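Step one of this worksheet: look at the structure below.
Just so it is clear, none of the values below were taken in a lab; they were calculated from the coordinates. Note that the coordinates shown come from a computational prediction; the quantities given were computed from them, not determined experimentally. We place every Cβ from the backbone using ideal geometry, glycine too, and count neighbours over all the protein chains shown.
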Amino acid sequence: MSPQLSRRQFLKSSLLATGGLLLPATASKTSAAGEIRKFPLHKKIGEARTVCPYCSVGCGMVIATDEKGHIINCEGDSEHIINRGTLDPKSVAVPQLSNSPLRLKKVQYRAPGSDKWEEKSWDWAVEQIAKRIKDTRDKTFTRTVKVADKDVTVNRTETIAWLGGAANNSEDCYLASKFARSIGLVWLEHQARI
Ligand code: SF4
């Protein structure tokens with residue numbers, strides 16, 4: 001300590017110096033935080049609940065999208081019965097599914113024997129799927145089978161199978177299995193069981 005400074009003068013000058021260092025830091029932190037808080041207020045954010053499609057656990061997610069429909073945030077759905085808000089690291093790749101420039105947004109169809117893909121409408125695709133399911137079912141429907149020389153009614157088709165995916169929730173699966181059984185399907189599976 002300089003002999004010219006008393007203990008009181010030294011403490012006073014030290015506090016002023018420290019305050020001078022701290023003050024700009026605190027001010028810049030406040031302004032940075034202010035900018036972060038303002039950011040979402042200038043953007044239109046859409047929020048939706050969905051299911052992570054990567055594995056058979058089927059964790060619930062909440063995704064946020066900007067005005068172009070790009071996913072800008074995804075987090076665990078705290079109200080979802082499976083994960084209660086938690087997610088594993090794989091889930092951070094979910095925005096790529098929507099935002100990737102390689103994502104196909106239109107139906108691509110390759111006719112039997114063809115080496116070319118054709119672009120088709122969704123209406124065309126749905127109609128084709130319905131028509132092919134009906135044609136196959138009608139051609140292969142079995143009303144009865146012989147069991148111990150007796151005809152037993154089965155009303156089934158064994159030429160079509162139904163496979164559910166991890167992004168189907170319990171309600172989706174319930175409806176899908178009701179529909180499948182109603183047209184005579186007996187081979188029903190789900191990714192979560194495979
Ligand atoms: S967050 Fe992880 S555990 Fe949950 S469904 Fe996605 S990949 Fe599976």
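Here are the numbers for this structure:
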item	result
R0 of 22 Å, Cβ-Cβ distance GLU189-THR153: FRET efficiency to nearest 0.05	0.35
Normalised alpha carbon radius of gyration of the stretch 49-93 [divisor 2.2 N^0.38 Å]	1.11
Inter-label distance for ARG84 and LEU102, nm, one decimal - labels placed 7 Å from Cα along Cα-to-Cβ	3.8 nm
Reduced Cα scattering model of the stretch 107-193, Debye log10 I(q)/I(0), q = 0.14, 0.15, 0.26 Å⁻¹	-0.69, -0.77, -1.21
Inter-label distance for ARG143 and ALA93, nm, one decimal - labels placed 7 Å from Cα along Cα-to-Cβ	5.1 nm
Under-5 Å amide H pairs with ILE72, H placed in peptide plane, nonlocal only	ALA64, THR65, ASP66
Karplus-derived 3J(HN,Hα), 6.51/-1.76/1.60, for each residue of the stretch 73-83, Hz, glycine and proline x	7, 9, 8, x, 8, 5, 9, 7, 5, 7, 10
Cut-off under 5 Å, modelled amide H: who pairs with VAL51 long-range	MET61
Interchain or long-range residues, amide H under 5 Å from VAL154's placed H	THR144, VAL145
Per-residue ³J(HN,Hα) for the stretch 107-124, Karplus 6.51 cos²θ - 1.76 cosθ + 1.60, θ = phi - 60°, Hz, x for Gly and Pro	5, 10, 10, 10, 5, x, x, 7, 10, 10, 8, 10, 7, 10, 7, 5, 4, 4
³J(HN,Hα), Karplus 6.51/-1.76/1.60, whole Hz, each residue of the stretch 131-136, x for Gly, Pro	5, 5, 4, 5, 4, 5
